[in-house]
Amino acid sequence: MSYNFKLNVFHFNLSINILLLFVSLHNIVQSYYKHMAFILVIAITLIIAFFVSKLLLFKGQTKNLPGGSLGYPLLGESLSFRRAQKQNRGPQWFEERVSKHGPVFKTSLMGSPTVVVTGQAGNKFVLGGRDDALATKQPLALASIAGKENIFELTGSRYKMVKGAMMSILKPEILQKNIKPMDELIKNILLRETKNKDTIKGVATMKKLAFELASNILTGIKDEHTTEALSDDLSIAFKAIATIPFNFPGTVFWKGLRARSRIVSRILPILEQKREELSKGKLSPTSDLFTCLLTLRDENQKPLSDDMIIDNYVTLIIASHDTSAILLSLMIWKLSRDSEIYNKVLEEQMDILRKRDEEAEDGLTWSEIHNMKYTWRVAQELMRMVPPVFGSFRTTVKDTQYGGYDIPKGWLVLWVAHGTHMNKDVFDNPTEFDPSRFENPSKPIPPFTYLPFGGGLHTCIGNEFVKIELLIVIHNLVTKFEWSQLHPEEAITRNPVPYPSMGLPIKIKPRKL
């Protein structure tokens, strides 16, 4: 037995004895000072985390891990990463570590040891990986808020079953039927939110619009009180998914779990009502997300549990609502700042109105949506430069290798979009905003390099819904309103997703036609 090994065993035994001493002290103090118990529990938790992290690190020293730092016990490098995100320096945070350790490095985020992979090969490794090596199991905070049976946690036949069901309400023929209802609802929301106002908060308005639209069209929830209550709680829950999972009163994660509980309480009676209406033939399996999942049967011909249905409701609404609200807010922000881009978008949308008058059409049509090519290219370029999601996680289900390094079982693996989105070998002049790069590009965009909606088997299933929603909203905004930013220099911040830092207050007025 080597001297170093004996020394490590001694340190470990000493650590256990120290820990036992702290536990004994806690029991003594608790008897006399009950009000101190909470503080002591936190202290003991941190001490345990410290020694466990040291033990895990010792265990990993036999492996060929990539360079990098696991940071502080339990906290890892989460705080510095969140700080960089808020300052919109997320890409720089990664680049600093890439320049020091190479395109593969280790860190610790959201309470878990993590290996970050960058570049096309890294994206393909994660997004194109097999489920028996890299599972879609998410960080604890995200899994706790979304639920253990959400689509991102499922694999194999169960994943395909739920994805197929969700796709049935998002396929083109269903979306095509929803163009007019979506157009009408968006008009009404914009008129209501701007009535008797000359200033609105762009971000708050787009969040409200995106949630009402998703609730109405995707889930069939039309009651205003229920929609508002769910929106408030989902907003709280969303803030908790990128936090360190400290379930102590007052923490963001604790508040997120309580918000999820309230969401469950509100959805359960809705499920019961949908179940009854299905049995009476008042609804069909493709009426909305709930009816679709309620009529689904697994490989044993058993219906899905209510918990599983709610988990996938929370996941789909968070994914569709925030992706849409982010992109809509960024479009308003960009059009406010760039008159050339704005004028081209306005011309395209006004041209649709002129042609519609000639053909005596009432409201937007499927063909008109597909004629908004320049508007969508602006959105594509925005998502390249400011991706709504900076990347996503996978979890190793067995010891894995990549790029000459070992990745231990149970570690997270993270790919990041900016590694290819802002790569000059993939996109010419990547720092220049140029929507034309998506119009008959001189060189095809290589696979696993442009990933605003992820990629591979787990590509976002709602990307077509988001596209249609954005085009309808922008059409109604630019043809019916004029607006300008109150703070022209307003920057973008991530907390954890990108939004204008001041909430995008804008002066708005009806357009004179």
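Of the numbered conditions (1) out of contact with any strand residue (DSSP E or B) (no Cβ under 7 Å at 6 or more places or on another chain); (2) crowded, with 19+ Cβ neighbours inside 10 Å, Arg275 satisfies every one except a single condition; which is it?
Of everything listed in (1) out of contact with any strand residue (DSSP E or B) (no Cβ under 7 Å at 6 or more places or on another chain); (2) crowded, with 19+ Cβ neighbours inside 10 Å, Arg275 misses just condition (2).
Of the residues Leu304, Leu327, Leu283, Leu296, which is closer than 22 Å to Leu213 by Cβ and under 30 Å from the mean Cα position of the chain (by Cα)?
It is Leu327.
Looking only at the stretch 256-272, which residues are over 20 Å from Leu289 (Cβ atoms) and surrounded by fewer than 17 Cβ atoms within 10 Å (Cβ to Cβ)?
The answer is Arg258, Ser261.
Does Lys409 qualify as being closer than 20 Å to Leu127 by Cα and not hydrophobic (A, V, I, L, M, F, W, C)?
Yes; evaluated as a whole, the condition is true for this residue.
Hey, among Glu464, Glu489, Glu482, which residue is within 18 Å of Lys197 (Cβ to Cβ) and among the charged types (D, E, K, R)?
Glu482
This table checks each residue for (1) surrounded by fewer than 17 Cβ atoms within 10 Å (Cβ to Cβ); (2) at pLDDT below 95.
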residue	(1), (2)
Lys355	yes, yes
Glu361	yes, yes
Trp366	yes, yes
Ala379	no, no
Pro388	no, yes
Lys398	yes, yes
Asp428	yes, yes
Arg437	no, yes
Asn440	yes, yes
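Residue check, Ile221 against (1) at pLDDT below 95; (2) touching an Asp or Glu at 6+ places or on another chain (Cβ under 8 Å); (3) β-branched (Val, Ile, Thr); (4) not in a helix (DSSP H, G or I), all met but one. Which one?
(2)
Hey, does the stretch 243-264 have a residue that's β-branched (Val, Ile, Thr), in contact with a Phe, Trp or Tyr (Cβ under 7 Å, 6 or more places away or on another chain), in contact (Cβ under 8 Å) with a residue 40 or more places away in the chain and within 24 Å of Met166 (Cβ to Cβ)?
no
Of everything in the stretch 69-106 that's in a helix (DSSP H, G or I) and free of Cβ contacts under 8 Å to residues at least 12 places away in the same chain, which residue is farthest from Gln401 (Cα to Cα)? Give the steps one after another, and end with the answer.
Of all residues in the stretch 69-106, those in a helix (DSSP H, G or I) come to 78-86, 90-101.
With free of Cβ contacts under 8 Å to residues at least 12 places away in the same chain added as a condition, the list becomes 79, 83-84, 92, 95-96, 99.
Working: Leu79: 28, Arg83: 31, Ala84: 29, Gln92: 26, Glu95: 22, Glu96: 23, Ser99: 21 Å.
Only one residue tops the list, namely Arg83.
Do we have Thr205 as touching a helix residue (DSSP H, G or I) at 6+ places or on another chain (Cβ under 7 Å) and polar (S, T, N, Q) here?
yes
When you look at Gln176, is it in a helix (DSSP H, G or I), at pLDDT below 95 and outside the structural domain of Leu316 (by TED's automatic domain parsing), yes or no?
no
The values are calculated or read from the model by the stated rules, or taken from the named source; none is laboratory data. In this text the structure is predicted, and so the values were computed from the model without any measurement. Positions of Cβ are generated from backbone atoms using ideal geometry, with glycine treated the same way; all protein chains shown enter the neighbour counts.
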